[in-house]
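Trainee: Here you go, one structure.
The values are calculated or read from the model by the stated rules, or taken from the named source; none is laboratory data. Predicted, not measured: the structure shown is a model, and the values here were computed from it. When we count neighbours, we look across all protein chains shown, and the Cβ atoms used for this are built from the backbone with ideal geometry, even at glycine. We work out accessible area using only protein heavy atoms, side chains counted, and drop any ligands, DNA or RNA first. Shrake-Rupley method; radii C 1.70, N 1.55, O 1.52, S 1.80 Å.
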Amino acid sequence: MSMPDSVPALSSEAQGLSRSYTSDVAQLLEEFLAAKSDEVGQITSSAIEIVNAITLLTRGGKRLRALFAFWGYLGAGGQPEDRDIVRLGAALELFQGAALIHDDIIDNSDTRRGQPSVHKRFEAQHLQLGLSGSASSYGTASAILAGDLCLSLSEEVFSGITSLTPRARTIFNQMRTQVMAGQYLDVLEESAGPAYDPKEAVKRARTIVRFKSAKYSTENPFLLGGALAGASEVLLNHYSEFALPLGEAFQLRDDVLGVFGDPEITGKPTGGDLLEGKRTELIAHALLLSTPEEQDFIQGRLGAADLSQEEVARLSNILRDSGALAATEQSISELTTQSDLALEALQVSPLALAGMQQLSDAVTKRSK
């Protein structure tokens, strides 16, 4: 099976719809957050900074989650000019913002998209204003509150969708629970370290990928768009067959870029995931494929507070030379093929297929 001949010819139209939609989402976010800034400013002008932090964060990014919702909506018969799908996209962008803020705190990440992460912005504010106490503690506390507010605002926008269906509400609620559970599993995995059996590391890493990232990055936004347009359970199941393996491939690519990506493109330092001690599928494969000495080095030095650039380079070499990188690339290839086959089988319009194909390419063929 292959794509209908009409799909490539619709590529330009699909791109135009995507650009128009992301522009509408960006405008809604700006207007909504400006109103929230005014609302908070009525309490005290000092508190406006937590809204400003959210505004700056949500101006960036590729809007992939919103776009998955959009094309899921169109594939189920929704119209591109409907405002409810714009509100859904904005709600997803705010939810992602909350996840990013808290994730950067958990991972001690200094940067996000080439800029200081939110807790680092607040830390710099503390120093600039000459406040008393710990700048680091102030930055962390302020960012936690900004993340909490961002999560609350996501719910506020979502609940304002006029044609909200019970199925969409259920999916949105499940998505939030899955992300928090997946994030906890990630924290647990990093904390357990050598205490866990390395033979099960790949399985555990894939579970974390699925629930911390893949479901909320691709599958659930796609399902939300479909459910909002009244998609049948059969179509939603087919959506999952396409979007879930794509989301897992997306995260595995992110893991590869987190070690081997160009810092000028990714906005992250060289070997950032190694410095943060992330126990990704790359690391899981290395623990199975490397020598006992190399395994001990990984277990002892991954994420160490005093990890040197020389040790980062050694860890990177182990991941490459042991075959861990190749094994991860193989997983990405298999998941992408699985997703491609499911996309070809989707019974949606050629225009929707064109938009979905572009999303698939954006997820799997990327350098940041």
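Trainee: In Å and from the alpha-carbon atoms only, list the Rg and Dmax of region 164-296.
Mentor: 17.1, 56
Trainee: Considering only LEU56, VAL259, HIS285, whose Cα is most displaced toward the positive end of the charge dipole of the chain, charges sitting on Cβ of Lys, Arg (+1) and Asp, Glu (-1)?
Mentor: After comparing all options, I get LEU56.
Trainee: Taking region 196-247 as the region of interest, what is the percent of Cα-Cα pairs per 10 angstrom bin, listed from the shortest bin to the one with the maximum distance?
Mentor: P(r) over region 196-247, rounded to whole percents: 26, 40, 22, 10, 2.
Trainee: Tell me, what is the Rg over Rh of region 234-368, with Rh the Kirkwood radius over Cα pairs?
Mentor: On the way: Rg = 17.4 Å, Rh = 16.1 Å.
Checking Rg against Rh, the ratio lands at 1.08.
Trainee: When the accessible area of region 1-159 is computed with all protein chains present and a 1.4 Å probe, what percentage of it is carbon and sulfur?
Mentor: Reported share for carbon and sulfur atoms: 51 percent.
Trainee: Quickly work out the SER45-to-THR177 label distance, labels modelled 7 Å from Cα along the C-beta direction, and quote it in nm with one decimal.
Mentor: That separation, rounded to one decimal, is 4.5 nm.
Trainee: Based on the Cβ-Cβ distance from LEU346 to GLU200, what FRET efficiency comes out when R0 is 25 Å, to the nearest 0.05? Before the final figure, lay out each step's value.
Mentor: Details: r = 34 Å, r/R0 = 1.37.
E(calc), rounded to 0.05, equals 0.15.
Trainee: If you don't mind, there's one more thing I want to ask. How much of the accessible area of region 207-339, probe 1.4 Å, is carbon plus sulfur, in whole percent?
Mentor: Carbon and sulfur together cover 50 percent of it.
Trainee: If you don't mind, another one. Check ARG112: other-chain or 5+ apart residues with amide H under 5 Å from its amide H, H built from backbone geometry?
Mentor: Amide H neighbours of ARG112, under 5 Å, 5+ apart: SER117.
Trainee: Same structure again: What FRET efficiency comes out for GLU310 versus TYR184 if R0 is 56 angstrom and r is the Cβ-Cβ distance? Round to the nearest 0.05.
Mentor: According to the calculation, E is roughly 0.95.
Trainee: With θ taken as phi - 60° and the coefficients 6.51, -1.76 and 1.60, list the Karplus ³J(HN,Hα) couplings across region 69-75 in order, rounded to whole Hz; mark glycine and proline as x.
Mentor: These are the phi-based 3J(HN,Hα) values: 4, 4, 6, x, 5, 5, x Hz.
Trainee: Here's a follow-up. Viscosity 0.890 mPa s, temperature 25 °C: what is the translational diffusion coefficient of region 87-149 from Stokes-Einstein with a Kirkwood Rh over Cα pairs, rounded to a whole number of µm²/s? Before the final figure, lay out the partial values.
Mentor: Working: Rh = 12.0 Å.
Estimated via Stokes-Einstein, D reaches 204 µm²/s.
Trainee: With θ set to phi - 60°, apply the Karplus curve 6.51 cos²θ - 1.76 cosθ + 1.60 along region 321-333 and write out the HN-Hα couplings as whole Hz, x wherever there is a Gly or Pro.
Mentor: Coupling constants for region 321-333: 6, 6, x, 5, 5, 5, 5, 5, 4, 5, 4, 4, 5 Hz.
Trainee: Suppose only helical runs count, i.e. DSSP H with n ≥ 4. What mean residue ellipticity at 222 nm does that imply for the chain under -39500 (n - 2.57) per run, divided by all residues and rounded to the nearest 500 deg cm²/dmol? Each step should come with its number before you reach the end.
Mentor: Values: 18 runs with 270 residues, N = 368.
Theoretical 222 nm ellipticity from helices: -24000 deg cm²/dmol.
Trainee: Here's another thing I want to ask about it. Pick from PRO80, PRO292, PRO350: which residue has the top mean-square fluctuation in a GNM of the chain where Cα pairs under 10 Å get a spring?
Mentor: PRO292
Trainee: Where does region 139-215 land on Rg/Rh, using Cα atoms and the Kirkwood Rh? Provide the component values of the computation, followed by the final result.
Mentor: On the way: Rg = 16.2 Å, Rh = 14.7 Å.
Reported Rg/Rh (Cα atoms, Kirkwood Rh): 1.11.
Trainee: Any idea of the accessible area per residue across region 73-180, 1.4 Å probe, to the nearest Å²?
Mentor: Details: 4640 Å² over 108 residues.
Using a 1.4 Å probe on heavy atoms only, each residue of region 73-180 averages 43 Å².
Trainee: Translational D (Stokes-Einstein, µm²/s) of region 232-303 at 10 °C and 1.306 mPa s when Rh comes from the Kirkwood sum over C-alpha pairs?
Mentor: On the way: Rh = 14.1 Å.
Value of D from the Cα-based Kirkwood radius: 113 µm²/s.
Trainee: What ³J(HN,Hα) values, in whole Hz, does the Karplus curve 6.51 cos²θ - 1.76 cosθ + 1.60 give for region 146-162 when θ = phi - 60°, with x put for Gly and Pro?
Mentor: 5, x, 4, 5, 4, 5, 5, 5, 4, 5, 4, 5, 4, 5, x, 5, 6
Trainee: If only Cα atoms are counted, what is the Rg of region 276-341, and what is its Dmax, in Å?
Mentor: Rg, Dmax (Cα atoms, Å): 13.3, 46.
Trainee: Counting C-alpha atoms alone, how compact is region 60-176: give Rg to one decimal and Dmax as a whole number, in angstrom.
Mentor: Calculated on Cα positions, Rg and Dmax stand at 17.1, 57 Å.
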